[in-house]
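One structure below.
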Amino acid sequence: KADVEVSTTETTVSFSLNCAVEDAVSVSGVDYEIGAVGSVPFGKQITLTAAPEKDGAVFAGWYRGTDVDDEGSFVSDAATYTFNAYTNFYFTAKYVAEEETDGDTVKVEFYKENGDLVGVETVAKGVSGADIIPADVPTLIGYNFDNWYVDGSTLLESVAEINKLTRAVALFNAKATGSAKVNYVDSGMTAYNSKITKTVSGAKYWLRDGNVVGYGSNYTHYLWADTDITYSVASIENKPIIYLDDDVVDGACMVEYDKGNADAIVEVGILFGGSENINIASKSKMNASQKNYDHGQLAVAHDGNAYARGYMIYVDGGVYNVIYTDAMSVN
């Protein structure tokens, strides 16, 4: 896939943090007044902390911007949320009444293990948990969905009645099984989800389905689907590369990346959203970043978002750079 490269020498990024509940949230290591606009060094690790409960309200997640009713702006439901500041960020902490008071209804929020919000159901108070389990089963690459749990241990089906805000979490168990074909020069079969290392003396670069994905005589990758891996002994510029593929597992995307001759990879991830122009500054959701690897693969379920785009932040000569894959429709 073609990519777009953006270089930056910015030294600070701006941020703001909002919350309707007084003294409920804080930013680590920053002298900051909630609601104001502050700044932190570019790339600094930031930790946001929210009180799980405060003044009769329950923490319900971090949202990008100020619209906490927009599920597309949801970031995380972790009360302690840590990330690196590579772009301006404006977050709002959502709190809801511990006991929902709008008539005879109550909300049940469904999350994945990694904190991604799957959906919200508004139901009558006193309804059985078994009656509101979502029809769509969540996915996690290499694992089977187990069931919905409340408080980490209680099956949602065992909830006799729901009378207040409830968070149900999807848990997963045994890895999926199967096999796929890898077409090297000496084609062969290997187990699904296997880690494979191939060594060819004199190889300069490797291609996955015709796209350059790695450099050198050694190539290591994970296998999720039938894959055509070839190599070349021709010389090539070893520039940082990232490649996005949605043909790995139903409902999932994968990025493969290599730092080439750059000094270091800072972060790799997949952005999801409703526009082809999605980028780090405008993303509606980012999933499963990896750091400090020279080469690797990363697979993430896309949950029905309209578009996905891979990105890699790397450092070369003291300058931070960001490269993106083309946006890919994943509906």
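Taking amide hydrogens as placed 1.01 Å from N in the peptide plane, the amide H of residue 330 sits under 5 Å from those of 307, 308, each at least 5 positions away in sequence or on another chain. Stretching residue 22 away from residue 319 to a fully extended chain increases their span by 103.0 nm, per 0.36 nm per residue minus the current alpha-carbon distance. For the pair residue 246 and residue 157, label points projected 7 Å from Cα toward Cβ lie 3.3 nm apart.
The modelled label-to-label distance between residue 196 and residue 67, using points 7 Å beyond Cα along the C-beta direction, is 4.5 nm. Test of understanding: extend the Cα→C-beta vector of residue 14 to 7 Å, then name every residue of the stretch 84-98 with backbone N under 14 Å from that spot. Taking a point 7 Å out along Cα→Cβ of residue 14, the residues of the stretch 84-98 whose backbone N falls under 14 Å are 87-91. The modelled label-to-label distance between residue 124 and residue 137, using points 7 Å beyond Cα along the C-beta direction, is 3.0 nm.
Since every read-out is calculated from the coordinates, none of them should be taken as a lab result. Only a predicted model underlies this, so the values are computations on that prediction, with no experimental measurement involved. Because the Cβ atoms are built from the backbone with ideal geometry, glycine has one as well, and the counts that use them run over all protein chains shown.
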